Amino acid sequence: MSHHIVEAQDLHFTYPDGTEVLRGISFRITHGESVAIVGANGAGKSTLLLHLNGYLTATSGTIRIGDSPLLRENLKQVRRAVGLVFQDPDDQLFMPTVFDDVAFGPLNMGLPLTEVKTRVKAALETVGAWHLHDRPPYRLSGGEKRAVAIATVLSMSPDIMVMDEPSSNLDPKSRRVLINLLRGFTHTKIIATHDLDMILDLCHRTLVIREGRIIADGLTAEIMRDEELLASSSLEMPPSLRPCPVCGEVNQCRV
């Protein structure tokens, strides 16, 4: 994967029960971009993310990662390039200890044990969770699980980070730690979320999805101020952009 590019062309997807979820999705995300994907529940955000490293296969249309179309034949290489953090960390953590979970990917890449250990320690230190390495995942808090889930992806050194609702169920402190962590990543980042204030902090570009189609693609700051556009997708302007009900100013006092 010589270029960290994600491109979808006229992507359609229908589940076996006949539910059509994606209806002609097209976009191009280039190296180093941080892009948000927003929309109402059921708009197709999670389904789209699951296509980006081959967990789901499009009914029609194509996805390119770097220079190559995503095909069954190169799925292993694509999954090394595109790291996916699931919405629920419990879907990603299944080994007896945190260390084992973070080591799972590098081991399956066939890396030497010494390199695996180095990668695990580096990934856990990056997310501030090395002290949890010998803990069972089920004993962790929600924020700790989220950090470890991110470490399981970082240990594989992906070029592209894809995240589904990374701030869901986090307390304010854990959310801020997550935002600061993601801000420091140099990866291409694609984040699907309802946390629009987090998007303002992290993503310069936003795609708005409604009923399986992209209805807007532009600068995050402009999209987050378009109340009509947001309302049409069952979204609201982020709290940080709304005028204070007392003083009328934005980003001033709050009640």
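The values are calculated or read from the model by the stated rules, or taken from the named source; none is laboratory data. Only a predicted model underlies this, so the values are computations on that prediction, with no experimental measurement involved. Glycine also receives a Cβ, built like all others from the backbone with ideal geometry; neighbour counts cover every protein chain displayed.
For this structure, a couple of remarks:
- The numbered conditions (1) out of contact with any strand residue (DSSP E or B) (no Cβ under 7 Å at 6 or more places or on another chain); (2) assigned to a loop (DSSP other than H, G, I, E, B); (3) at negative phi; (4) touching a residue at least 24 places away in the same chain (Cβ under 8 Å) are all true for L50 except (2).
- Among the residues making up the stretch 121-172, those that are small (G, A, S) and assigned to a loop (DSSP other than H, G, I, E, B) are G128, A129, S141, S155, S157, S167, S168.
- Any hit, the stretch 55-62, residues being surrounded by 13 or more Cβ atoms within 10 Å (Cβ to Cβ), more than 13 Å from the chain's Cα centre (by Cα) and over 22 Å from P158 (Cβ atoms): yes
- Summed over the stretch 194-209, the residues that are of a type outside the set (V, I, T) and in contact with a helix residue (DSSP H, G or I) (Cβ under 7 Å, 6 or more places away or on another chain) give a count of 8.
- Extreme residue, nearest to L178 (Cα to Cα), among residues of the stretch 89-101 that are within 18 Å of the chain's Cα centre (by Cα) and outside any loop (DSSP other than H, G, I, E, B): P89
- Hits in the stretch 176-188 - residues which are of a type outside the set (G, A, S) and either farther than 20 Å from L140 by Cα or surrounded by 20 or more Cβ atoms within 10 Å (Cβ to Cβ) (or both): L178, N180, L182, R183, F185, T186, H187, T188
- Pairing residues of the stretch 20-39 that are buried (at least 22 other Cβ atoms within 10 Å of the Cβ) with residues that are in a strand (DSSP E or B) and among the aromatic types (F, W, Y), at Cβ distances under 7 Å and at least 6 apart in sequence or on separate chains, gives L22/F13.
- Test: G83 is at pLDDT 90 or above, surrounded by fewer than 21 Cβ atoms within 10 Å (Cβ to Cβ) and not in a helix (DSSP H, G or I): no
- Residue in the stretch 180-190 that is modelled with pLDDT of 90 or more, closer than 22 Å to V38 by Cα and touching a Leu at 6+ places or on another chain (Cβ under 8 Å) present: yes
- Residue count for the stretch 63-72 under the criterion of being of a type outside the set (A, V, I, L, M, F, W, C), within 20 Å of the chain's Cα centre (by Cα) and in a strand (DSSP E or B): the result is 1.
- Residues in the stretch 99-136 that are among the acidic types (D, E) and buried (at least 17 other Cβ atoms within 10 Å of the Cβ) were compared, and the one that is farthest from K76 (Cα to Cα) is D100.
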